[in-house]
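Report on the following structure.
Just so it is clear, none of the values below were taken in a lab; they were calculated from the coordinates. As the structure is a prediction and not an experimental result, all values here were calculated from the model. Please note: Cβ atoms are built from the backbone with ideal geometry, for glycine as well, and neighbour counts cover all protein chains shown.
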Amino acid sequence: MANAQPSTLPDWLRHQAQHRPHAIALRHKRLGAWHGLSWHGVATAVEYLAAGLALRGFSAGDALLLVSHPREEALLLSLAAQWNGGVAIPLDPQLTDDALRAVLTHLAPRFVFAEDDSQVNRLLAHEGLRVIDANPRNLTPHPHAAVTDYRTLAVQHEGGFASTAHSRDDAFVFVRLDATGQLVAQRFSHATLIQEAQRLVGTEKLTADDEAFAARAFAAAAQARYLIAPWLLSGFRLNFPESLATRDNDRRELAPTLVAGTRETYARVAQLVDDRLPGARSWRRRLISRAQRRQGGPLLRTLTWWLITRPLREVIGFSRAHAALVIGPPLDERTAALFAALRVDVRAWPDTGEWRRVEQQREAPARERYTADGAAEQPAY
């Protein structure tokens, strides 16, 4: 039905592209400059990448591993895999060789995205993988036959390339080794992510005018639950820093309205505040200390705001933040007091989910692909 509520992440992407085609959906920083992509541009890129994956044999039920820090290519490829009825499995680039071997053995994927040459070479040590190389420096394509350059993956398909995702399908799977060295996984279906995103968007009053900053680990479940799915539902702008090393400067430059991080993230930012303040005997330090203890009358609070609090909020990139989320354990007492003094209301959201042991499996048979009316069709390639 034309007016049916979108039921998958690709459905929501198409919805945004249809209703807000020219609005900026995604921005990333390269060589110090921000580059934007509209909702129509994102949807087109994902559709073309999905067609390119299908041309190379990726079909419904397949998995795409993504060994990457937060970057726009990894996000677009995740959506492309889901567009084809597959699942995206983000992995931490710092994953140990033993953990990587366990993932490849137990999940038996055929496709993997690598963000740089070191990861490409690491993955080529394992037979049977088709590696998509981000090639961020636009070098000569990798010579190995199993490697495809990201820039050559997309294919324009005549008449469009329909999505085969279903709401019950897994959209993301997150994996880790438990304390016993066993591989465990969290699975999130399209339906689950959409339901959680609707709750977040409603509670935090997120709109298309918001700006979010994707500096969290791409391999963390919170990235999908609290950034990617809400981004698709609400239509706000999602921004990727140039690198983890520049994330604090990039966040200060953007001043996002939605910030999501762990207690460690906020503790690190609190240290930035502490580093900006002079010695313990200075008047600035005394003012912020009194604010942390909620001392002083209206005049003192006003002076503290204009002389200390407001400039510090700008320094750490929280000058416009109205949705500051801590995912998982709450802030420690010292960090919580500091952000309260800065008048930043940090609200806790759960990082829960059932971790289940992953049993070794052979390549799973892909389920049939379906057209919009439910009739089975043969793959386009």
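Order the peptides 33-42, 83-92 from the highest to the lowest mean number of other Cβ atoms within 10 Å of their residues.
Values: 33-42: 16.2, 83-92: 24.9.
The most tightly packed comes first, giving 83-92, 33-42.
Taking packing as the residue-averaged number of other Cβ atoms within 10 angstrom, the listed peptides 306-317, 133-144 run from highest to lowest as 306-317, 133-144. Calculated [222 nm] ellipticity per residue, helices only, for the chain: -10500 deg cm²/dmol; basis is -39500 (n - 2.57) per DSSP H run with n ≥ 4, divided by all residues, nearest 500.
Among the trypsin sites (Lys or Arg not before Pro) in region 146-202, those placed in a DSSP loop whose Cβ has at most 11 other Cβ atoms within 10 Å are ARG168.
What Kirkwood radius, in Å to one decimal, follows from the Cα pairs of region 132-213? The Cα-based Kirkwood calculation yields 17.5 Å. Taking the Kirkwood radius as Rh and the Cα radius of gyration as Rg, region 9-189 has a ratio of Rg/Rh equal to 0.96. Which of (i) 47, 24, 18; (ii) 40, 23, 20; (iii) 30, 25, 24 is the computed semi-axes √(5λ) of the Cα gyration tensor in Å for the structure on display? Answer label, from the structure shown: (ii).
I need to check one value: relative contact order of region 39-127, counting alpha carbon pairs closer than 8 Å and at least 6 residues apart, in percent. Don't skip to the answer; put the middle values down first.
On the way: 104 pairs, mean separation 29.7, N = 89.
So the answer I get is 33 percent.
At a threshold of 8 angstrom on Cα-Cα distance, excluding pairs fewer than six apart, so keeping six or more, what relative contact order does the chain reach in percent? List each step's numbers first, then the result.
Numbers: 680 pairs, mean separation 68.8, N = 381.
Contact order relative to length: 18 percent.
Return a whole-number percent for the relative contact order of region 9-189, with Cα pairs under 8 Å and 6 or more residues apart as the contact set. It rounds to 21 percent for region 9-189. Of all beta bridges that DSSP places with both ends in the chain, some 35 percent have antiparallel geometry.
Just in region 205-265: which trypsin sites (Lys or Arg not before Pro) are loop by DSSP and have at most 11 other Cβ atoms within 10 Å? Passing sites in region 205-265 are LYS205. Based on every Cα atom in region 42-120, Rg and the maximum pairwise Cα distance Dmax equal 12.3, 37 Å. Can you list the residues, at least 5 places off or on another chain, whose amide H is less than 5 Å from the amide H of ARG176, using H built in the peptide plane? Here VAL184 satisfy the definition.
Please sort by residue number the GluC sites (Glu not before Pro) in region 98-187 whose DSSP state is loop and whose Cβ has at most 16 other Cβ atoms within 10 Å. The partial results should precede the final answer.
Details: sites: GLU115, GLU127, GLU158; in loops: GLU115, GLU127, GLU158.
Loop-located and lightly packed - GLU127, GLU158.
Taking amide hydrogens as placed 1.01 Å from N in the peptide plane, the amide H of ASP149 sits under 5 Å from those of ASP133, each at least 5 positions away in sequence or on another chain.
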